[in-house]
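Undergrad: Have a look at the structure that comes next, please.
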Amino acid sequence: MSTMLSAEMTSQVIPGIYNNWEIHLKKVHVILRDNASNMKAAMEDMAVPSLGCFAHTLQLVVHEGLMSQRSVSDALANSRKIVAHFKHSQLAQSRLEDLQREMQGARTTTTPARLVQDVQTRWNSSFYMIKSLLTEKRPLCAYAADHNLPATLSANEWGLLEKTVTVLEPFKELTRKISSATSTAADVIPAVTVLKRLLAEENSTDSGIKTMKSTLLQAVSRRFSSIESESLYAVATLLDARYKDRFFSGGETARRMAKDLLKQELDKMEQAQLKASAEGQGGTKEAEPAENQVLLQAQVRVASAVYITEFWRNMMNLLKVPRQQLSKCKLKFLSAPSTSVESERLFSTASNIVDEKRNRLTAERAEMLIFLKKNLPMFKGRITEPEEEKGRWRDAGRTEAGTAQ
């Protein structure tokens, strides 16, 4: 199947899904997708705004940096061979655990930690593999003195791994942060700016990994070169009271461009409202369902009520727009996630619900349960049951209790 054919099929399937949920494509703010070319083409065919997964692009940067320096890539290759040896041999793993217990001391009752295997498709797995090897360096060296290993690490390679972990630490922390359910598109520009600053710093400990740091910096700059001109990212960052316009690396030009993009978006919303008024809706748009408002507000986080109030007052004075219009724009742009991690977690949710003990669930019922599992927490504390319903369930509970007695 060709890429364009796959893109054509995708662009036909997605509108059908939206129709099932009674969602019009014109109401879609943005679709989070992976970075495959067929998905990009499908979104373009549908004429729907889309963003690639930020976390996936970040891992491509890490992979490019690790492969750029021969000494680092060789050390990683030897590390994979060592970990694979203990993963494939139960006898070797048992001997290593004996050495770990011996070095931990007799009073320690914790289970010895296992080495972590590097998997190319698993994010941050290279970091965790190196970290596990450095943690168990002494037992591994003791094991290598008495038993054969498919590869060994020299003193220079151990030093390179320690420096590599230090460089990869910000990528690991950033991946964890943006993979949370509350991360939004506003986190992308500040994250990239901070990464560039960290990678541009020169330290005395950079000896041996300068090429890797330089490649990482170039990869970050190249792959995220256009994020500040992307309205979905720029407007979201500008509207987030935590960031405002302080993290635009392009200087005053980038800040001015972001504010212009925000004004354009506000003008579009005003025109849409005037159009709705002309069509006989009395000058006001139909109120959105309370459920949609809750879903949007669940993505918006605030740091301090006083600080936020002052921020929005300054923003209204700067843009000369009413608070209600700016609030709608905020709910729209701060509702978009920065990664597709939640979609990946959905597969895990499905596997937890449809298991061998519940294998007779129909597809329709399973879909309902998955939907409730992912969305019901957003309504926590906001759903109030009518008093008559509470009384009915209370009476039913007393009747069942009396029957059981």
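Undergrad: Condition first: over 17 Å from THR135 (Cβ atoms), open to solvent by less than 20 Å² (accessible area, probe 1.4 Å) and in a helix (DSSP H, G or I). Now tell me which residues in region 148-182 satisfy that. Outline the logic, then answer.
TA: Residues of region 148-182 over 17 Å from THR135 (Cβ atoms): 148-152, 154-156, 167, 170-171, 173-182.
Filter once more, so that each one left must be open to solvent by less than 20 Å² (accessible area, probe 1.4 Å): 151, 167, 171, 175, 178-179.
VAL167, PHE171, THR175, ILE178 - these are the residues of region 148-182 that are over 17 Å from THR135 (Cβ atoms), open to solvent by less than 20 Å² (accessible area, probe 1.4 Å) and in a helix (DSSP H, G or I).
Undergrad: Here is a follow-up. Of the residues GLY397, GLY381, only one is at pLDDT below 85, small (Gly, Ala, Ser) and open to solvent by 60 Å² or more (accessible area, probe 1.4 Å); which?
TA: Numbers: GLY397 fails: open to solvent by 60 Å² or more (accessible area, probe 1.4 Å).
Selected residue: GLY381, the only one of GLY397, GLY381 that is at pLDDT below 85, small (Gly, Ala, Ser) and open to solvent by 60 Å² or more (accessible area, probe 1.4 Å).
Undergrad: Let me ask you something else. Just to be sure I understand the filter: pairs with C-beta atoms under 9 Å, separated by 6 or more residues or on different chains, first member in region 338-354 and on the phi < 0 side of the Ramachandran plot, second member of a type in the set (Gly, Ala, Ser) and exposed (fewer than 15 other Cβ atoms within 10 Å of the Cβ). Which pairs pass?
TA: VAL341/SER180; VAL341/ALA181; GLU342/ALA181; ARG345/ALA181; ALA350/ALA366; ILE353/ALA366; VAL354/ALA366
Undergrad: Within region 115-142, track down each residue that is free of Cβ contacts under 8 Å to residues at least 60 places away in the same chain, hydrophobic (A, V, I, L, M, F, W, C) and open to solvent by 20 Å² or more (accessible area, probe 1.4 Å).
TA: Residues satisfying the conditions are VAL116, VAL119, LEU134, CYS141, ALA142.
Undergrad: Tally up the residues in region 206-221 that are open to solvent by 10 Å² or more (accessible area, probe 1.4 Å) and either of a type in the set (S, T, N, Q) or touching a helix residue (DSSP H, G or I) at 6+ places or on another chain (Cβ under 9 Å) (or both), please.
TA: Start the filter on region 206-221 by keeping residues that are open to solvent by 10 Å² or more (accessible area, probe 1.4 Å), which leaves 206-208, 210-211, 213-215, 217-218, 221.
Then drop every residue that is not either of a type in the set (S, T, N, Q) or touching a helix residue (DSSP H, G or I) at 6+ places or on another chain (Cβ under 9 Å) (or both), which leaves 206-208, 211, 213-215, 217-218, 221.
Qualifying residue count for the region: 10.
Undergrad: Considering only region 101-114, state which residues are modelled with pLDDT under 85 and surrounded by 13 or more Cβ atoms within 10 Å (Cβ to Cβ).
TA: Step one: of region 101-114, the residues modelled with pLDDT under 85 are 104-111.
Selection gives GLN104 alone.
Undergrad: Kindly indicate whether ARG197 is open to solvent by 40 Å² or more (accessible area, probe 1.4 Å), at pLDDT 90 or above and not aliphatic (A, V, I, L, M).
TA: Working: open to solvent by 40 Å² or more (accessible area, probe 1.4 Å): yes; at pLDDT 90 or above: yes; not aliphatic (A, V, I, L, M): yes.
Taking the combined requirement at face value, the residue satisfies it.
The values are calculated or read from the model by the stated rules, or taken from the named source; none is laboratory data. Nothing here was measured: the structure is a model prediction, and the numbers come from that model. Heads up, the Cβs are rebuilt from the backbone with ideal geometry, glycines too, and the neighbour counts pull from every protein chain shown. Heads up: the accessible areas ignore ligands, DNA and RNA and are worked out on the full protein's heavy atoms, side chains in. Shrake-Rupley method; radii C 1.70, N 1.55, O 1.52, S 1.80 Å.
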